[in-house]
1. Restricting to bridges with both residues inside the chain, how much of the DSSP beta-bridge set is antiparallel, in percent to the nearest 5?
2. What residue among Gly80, Gly52, Gly91 has the largest mean-square fluctuation in a Gaussian network model of the chain, using Cα springs under 10 Å?
3. In percent, what relative contact order does the chain have, based on Cα pairs under 8 Å that are 6 or more apart in sequence?
4. Only sites in a loop by DSSP and with at most 16 other Cβ atoms within 10 Å count here; which trypsin sites (Lys or Arg not before Pro) in region 15-116 make the cut?
5. Can you work out the FRET efficiency for the pair Asp103 and Arg41, with r the C-beta to C-beta distance and R0 = 35 Å, to the nearest 0.05?
6. Starting from 0.36 nm per residue, how many nanometres of slack lie between Gln248 and Asp227 once their C-alpha separation is accounted for?
7. Can you sort Asp174, Asp216 by how many other beta carbons sit within 10 Å, fewest first?
8. Is any residue of region 29-44 close enough, with backbone N under 20 Å, to a label point placed 7 angstrom from the Cα of Asp54 along the Cα-Cβ axis, and if so, which?
Amino acid sequence: MDLGISGKRAAIAGASSGLGLATAKALAEEGVKVAICGRDRARIQKAAASLGHDAGALVADVSSPEGAQHFVERSREALGGLDILVTNAGGPPPGNFASTDMDAYQGALSLNLLSVIAMCKEAVPGMREQGWGRVVAITSIAVRQPIAALILSNTARAGATGFLKTLAREVAPDGVTVNSIQPGVHKTRRVEEIYGGQIARAADDIPAGVLGDAEDFGRVAAFLCSDAARFITGAALPVDGGAYAGLQ
């Protein structure tokens, strides 16, 4: 299926590995010019080289609003404009209510909420002016069904979902769509860190019976960036192998 986005320009945050890199790969395969970022120069350059298609590698830390905004600025300069923004960042440390200090919440909000807002603030006005744009945020299934011992992530990402839904309604008349994808358990480094030696058991509660494949996830993200997805906005799509059990 031709997604109709060949020649578009995309900035994908947190893309040195995992779901971010898989999304960049899927977009690059559709002929999109991509710029990706990560904090480690060697890792992000290696990731960009694996994409081919003259992918741009930027060293940036999107854990702060300033770093997130700067990443979008540099991507737009490198690409000569911006049509697609994929927001993504690692998760904050695990912990529950009792074990998590008050000071930790500010860092989590900066990482998984304020950085999303900052990237959108920098990218969306230009999209509105040109009459076409796509914003796809990688969040977590925890937004629908909080995950035990991840109270910081649950809290910050829920706020991001509220922001994105509000933004989607405001910019829809300008040809800009805003959606989020809520991944369940995929085979990524982050999941390996959380589950440790128990990762083989992580699929036990997934109806599909297997962990998610990052490349499959990337293709879903790419579709939401497509021309055919122009009527999908304000959506928060679970990609979790059926693990979420709610009706809505």
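1. On the way: 0 of 27 bridges.
The answer is about 0 percent antiparallel.
2. Taking springs between Cα atoms under 10 Å, the residue moving most is Gly80.
3. Numbers: 514 pairs, mean separation 52.3, N = 248.
Relative CO of the chain lands at 21 percent.
4. Answer by residue number: Arg39.
5. Values: r = 30 Å, r/R0 = 0.84.
Taking R0 as 35 Å, the efficiency between Asp103 and Arg41 is 0.75.
6. On the way: separation 21, 0.36 × 21 = 7.56 nm, distance 2.62 nm.
Value of the extension gain: 4.9 nm.
7. Values: Asp174 16, Asp216 12.
Least crowded to most crowded, the residues run Asp216, Asp174.
8. Within reach of a label on Asp54, which here means backbone N under 20 Å from a point 7 Å along Cα→Cβ, region 29-44 contributes 29-37.
No lab work stands behind these numbers, since they all come straight from the coordinates. Keep in mind that this is a model prediction, so the values were computed, not measured. Note that we place each Cβ from the backbone using ideal geometry, even for glycine, and neighbour counts take in every protein chain shown.
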